[in-house]
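S.K.: Sharing a structure here in structure tokens format.
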Amino acid sequence: MRLPRASGVLLHPTSLPSKFGIGDLGPAAREWIDQLAGAGQHWWQVLPLGPTGFGDSPYQSFSAFAGNPWLISPEDLIMKGLLDPADLEPLPEFPAGRVDFAKLIPWKRSWLMRSTERLRKGAPAALATRYEDFRHRAGWWLEDYALFSALKDAFGGRVWSDWEAALVQRDSTALRKWRERLASEIETYATWQFFFFEQWWSLREYAHARNVKIFGDIPIFVAYDSVDVWVHPEMFFLDENRKPTVVAGVPPDYFSATGQLWGNPLYQWGRVAEHGYRWWIDRVRWTLELVDLVRIDHFIGFVRYWEIPAGAPTAVTGRYCPGPGADFLAKVERALGHLPLVAEDLGAVTPEVDALRDQFQLPGMKVLQFAFSSDATNRFLPHNYERNFVVYTGTHDNDTTLGWFRNAPLSERRYARHYIGRSGRDIAWDLIRLGMASVADTFIVPAQDLLSLGSEARMNYPGRPQGNWRWRLLPGQLNPAVWVRLHELTELYGRLVSADVPLKPE
């Protein structure tokens, strides 16, 4: 698959400006799309959109299929008659520039409950019909997710493996009993999903009308505390009590001297293959109902993955095990046609990873912050690129470019200045220009780098379990001069895309 020569901006919706404590899918998101379109940007890249669990991480979601209800816009619910402005009062004093999840979630739940009641009791017929259509369309995952969410509340938020034994083992009698007991709560969670997908699909149409496409993200692993593991325990390495025997992570690397202990359960790929990779095919298909292009996080894991014994204190103790390789991608391609996927091939790349990526003509990734730590052979230096890549100044896992440059070794800073031919006083825009000018088909810049922000604006610190995913734009922070500057570089380096340019196989 080849992408058009284009550029875009990485900004998760939670980071959009809003007086409601978190970015959402309402007016600010539409204004954001207008700004992208005005600056000639073809891509809006987002992180996974699922309901967040441990550490508020979009990579630790309660479901691989559901949407995050905290992204639902109250303003759009007001426009549909499902909320009154008074329902939002009193409006908490949310901090500027970051998300306070502990303060946000109880307040957001309160008015989502009011909207749910209005949909049940007095929604216009057309809206009620769309709700029933959505439940039918998404029912194959929605009913399990809504039950799982209601059960989590009933059991005080505990991990599903700590629920009553009959539910852990998914005894049919126990499931039926609890479905009846929690019927109202189940409908509430289904309704919130309807609100999310109504708003998201409307926003995606709005973007498409302005020639902006959505670049999404699928984590290779799912959270243990998720409906996916509860409903499909046969896919994972679990013991008789359905606790993980081994978990996911990566060995020591650029980001951490002790590796990264993610803790996600690992797939029993043999069993997943016996079922024709059906769950994975459904996952990719549904994600493509939301976005136009999908980054597969930790693509390396399809070649080999790092297996860590459950209970290990760090990721140092582990071993590599083989992934499903070409058989997996071939089955997905056969089911879905050409694959609008991007391989996140960072980290310990091997020739086998490159070969698998290239066999299916998937774009790989380049990160400019990694380019200056060695010499001219560094694969992240632009003169070593090929066209079928997505190049970034940095990703959500990196420091901002200014933060990276301030903290980089002196030798790295010297090499960067020498390579770029600039002083480094405007390092974020130096790298933006370098990425724009590169031969790579796609260039993506995090919003923080457009503003030359420092480490205080970093989105995630890999290996740090708390305090991530909180950064937000302030209203008006991205001023017109920034967008004009970005448009000039986009035009200068031939990245303006005319409407209706399709993704195409080679």
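The values are calculated or read from the model by the stated rules, or taken from the named source; none is laboratory data. Everything quoted here is computed from the prediction, not taken from an experiment. We place every Cβ from the backbone using ideal geometry, glycine too, and count neighbours over all the protein chains shown.
S.K.: Just wondering, is there one or more residues in region 290-303 that are surrounded by fewer than 18 Cβ atoms within 10 Å (Cβ to Cβ) and not in a loop (DSSP other than H, G, I, E, B)?
M.R.: No - not one qualifying residue is present in region 290-303.
S.K.: Here's a follow-up. Tell me the residue from Trp279, Trp286, Trp306, Trp262 that is assigned to a strand (DSSP E or B) and within 20 Å of Phe62 (Cβ to Cβ), please.
M.R.: Every option except Trp262 fails the conditions.
S.K.: How many residues does region 12-48 hold that are out of contact with any Pro (no Cβ under 7 Å at 6 or more places or on another chain), within 30 Å of Asp225 (Cβ to Cβ) and among the aliphatic types (A, V, I, L, M)?
M.R.: Count: 2.
S.K.: In addition: Does region 325-337 contain at least one residue that is of a type in the set (Gly, Ala, Ser), in contact (Cβ under 8 Å) with a residue 40 or more places away in the chain and either loosely packed, with under 15 Cβ neighbours inside 10 Å or in a loop (DSSP other than H, G, I, E, B) (or both)? Break it down stepwise before answering.
M.R.: So in region 325-337, the residues of a type in the set (Gly, Ala, Ser) come out as 325-326, 330, 335, 337.
Still in the running and in contact (Cβ under 8 Å) with a residue 40 or more places away in the chain: 335.
After this cut, where a residue has to be either loosely packed, with under 15 Cβ neighbours inside 10 Å or in a loop (DSSP other than H, G, I, E, B) (or both) as well, the list is none.
No, region 325-337 contains no residue that is of a type in the set (Gly, Ala, Ser), in contact (Cβ under 8 Å) with a residue 40 or more places away in the chain and either loosely packed, with under 15 Cβ neighbours inside 10 Å or in a loop (DSSP other than H, G, I, E, B) (or both).
S.K.: Does Leu453 count as at pLDDT 95 or above, hydrophobic (A, V, I, L, M, F, W, C), over 27 Å from Val294 (Cβ atoms) and out of contact with any helix residue (DSSP H, G or I) (no Cβ under 9 Å at 6 or more places or on another chain)?
M.R.: No, not satisfied.
S.K.: Mind telling me which of the residues Leu381, Leu410, Leu362 ends up being farther than 26 Å from Pro251 by Cβ and either among the hydrophobic types (A, V, I, L, M, F, W, C) or in contact with a Lys or Arg (Cβ under 6 Å, 6 or more places away or on another chain) (or both)?
M.R.: Being farther than 26 Å from Pro251 by Cβ and either among the hydrophobic types (A, V, I, L, M, F, W, C) or in contact with a Lys or Arg (Cβ under 6 Å, 6 or more places away or on another chain) (or both) holds for just one of Leu381, Leu410, Leu362, which is Leu410.
S.K.: Just checking: which of the helices (runs of 4 or more DSSP H) contained wholly in region 402-506 hold 1 or more residues that are basic (Lys, Arg) and loosely packed, with under 14 Cβ neighbours inside 10 Å?
M.R.: In region 402-506, the matching helices (runs of 4 or more DSSP H) lie at 410-420.
S.K.: Of the residues that make up region 310-317, is at least one in a strand (DSSP E or B) and either buried (at least 20 other Cβ atoms within 10 Å of the Cβ) or among the basic types (Lys, Arg) (or both)? Before the answer, list the steps.
M.R.: We begin by selecting, within region 310-317, every residue in a strand (DSSP E or B); these are none.
Taking every residue of region 310-317 in turn, none turns out to be in a strand (DSSP E or B) and either buried (at least 20 other Cβ atoms within 10 Å of the Cβ) or among the basic types (Lys, Arg) (or both).
S.K.: Of the numbered conditions (1) assigned to a helix (DSSP H, G or I); (2) on the phi > 0 side of the Ramachandran plot; (3) of a type outside the set (Lys, Arg), Phe196 satisfies every one except a single condition; which is it?
M.R.: (2)
S.K.: Considering every residue within region 244-254, establish whether at least one is part of a strand (DSSP E or B), modelled with pLDDT under 95 and not hydroxyl-bearing (Ser, Thr, Tyr).
M.R.: Checking region 244-254: at least one residue is part of a strand (DSSP E or B), modelled with pLDDT under 95 and not hydroxyl-bearing (Ser, Thr, Tyr).
S.K.: Search region 94-120 for residues that are part of a helix (DSSP H, G or I) and pair each with any residue that is surrounded by 14 or more Cβ atoms within 10 Å (Cβ to Cβ) and of a type in the set (Ser, Thr, Tyr) when their beta-carbon atoms are under 8 Å apart and the residues are at least 6 apart or on different chains.
M.R.: Within 8 Å, the pairs are Met113/Thr188; Ser115/Thr191; Thr116/Thr188; Thr116/Thr191; Leu119/Tyr131; Leu119/Thr191; Arg120/Thr191.
S.K.: If you don't mind, there's one more thing I want to ask. If a residue has to be out of contact with any Leu (no Cβ under 6 Å at 6 or more places or on another chain), in a helix (DSSP H, G or I) and not small (Gly, Ala, Ser) to count, how many in region 201-224 make the cut?
M.R.: Of the residues in region 201-224, 5 are out of contact with any Leu (no Cβ under 6 Å at 6 or more places or on another chain), in a helix (DSSP H, G or I) and not small (Gly, Ala, Ser).
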